[in-house]
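We did not get these values from a lab; they are worked out from the coordinates using the rules stated. From a predicted model like this one, the values you see are computed outputs, not experimental measurements. Glycine also receives a Cβ, built like all others from the backbone with ideal geometry; neighbour counts cover every protein chain displayed.
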Amino acid sequence: MEALQTEAVQGRWLVDVLADPDLIMGVRDEYLSVYSKGPSLFEIRFDQGGRLKCHTHSKYLIDPTLSTRVKFDGLTFFTDEVSPLLTQYTSPDSLERLKRAANYYAGEEKRGVQTIIRRDPNVVNVEIAFSGVANEPVQGTPWNQGRFRNRQWP
């Protein structure tokens, strides 16, 4: 928790993420996920020293504001004059660009989940996974006692 507080003070990106009403933060077993209309925009973990370790997928770094044509000779794309990837987080505009790039990968189902979460203030988190297992009790944690997960079909 200290690492998150420190990052919120020192790193502008986390302040922007927390202030963005379109993003949803999901609490997982050992990490946090930040979702933008379905895709996981950031994964926030902690190393053994308690320091933040964040990741995003490289496909979200493609700058959606680019409009420059790139020369192509049939073999090589000449990108010397244009940088197609975001390489630094500089402002809330960087977050908007990441969200726009991620939105390309957000299917109708994922957008629907985001709508449901936003519509109902009682929903804290939604995670749906199909493991191919039915009616098998989930063991080990107090908050899931008595719940079931899918069990493998023959």
> Could you name the aspartates and glutamates in cross-link range of Lys53, using Cα to Cα under 18 Å and dropping any fewer than eight places away on the same chain?
Replying inline: Glu2, Glu7, Asp16, Asp29, Glu30, Glu43
> If you take the C-alpha gyration tensor of region 27-74, multiply each eigenvalue by 5 and take the square root, what semi-axes do you get, largest first, in whole Å?
Replying inline: 33, 14, 8
> At a Förster distance of 35 Å, what's the computed FRET efficiency of Gln88 paired with Val27, Cβ-Cβ distance as r, to 0.05?
Replying inline: 0.80
> With the calculation restricted to Cα positions, what are the radius of gyration and Dmax of region 1-107 in angstrom?
Replying inline: 16.0, 52
> How many angstrom separate the Cα center of region 55-77 from the Cα center of region 10-42?
Replying inline: 25
> Using a simple spin-label model with points 7 Å from Cα along the Cα→Cβ vector, what separation in nm is obtained for Lys53 and Leu66?
Replying inline: 2.9
> In µm²/s, what is D for region 1-50 at 10 °C and 1.306 mPa s, where D = kT/(6 pi eta Rh) by Stokes-Einstein and Rh is the Kirkwood radius from Cα pairs?
Replying inline: 138
> With each label point set 7 Å from Cα along the Cα-Cβ vector, what nm distance links Thr76 and Asp120?
Replying inline: 5.7
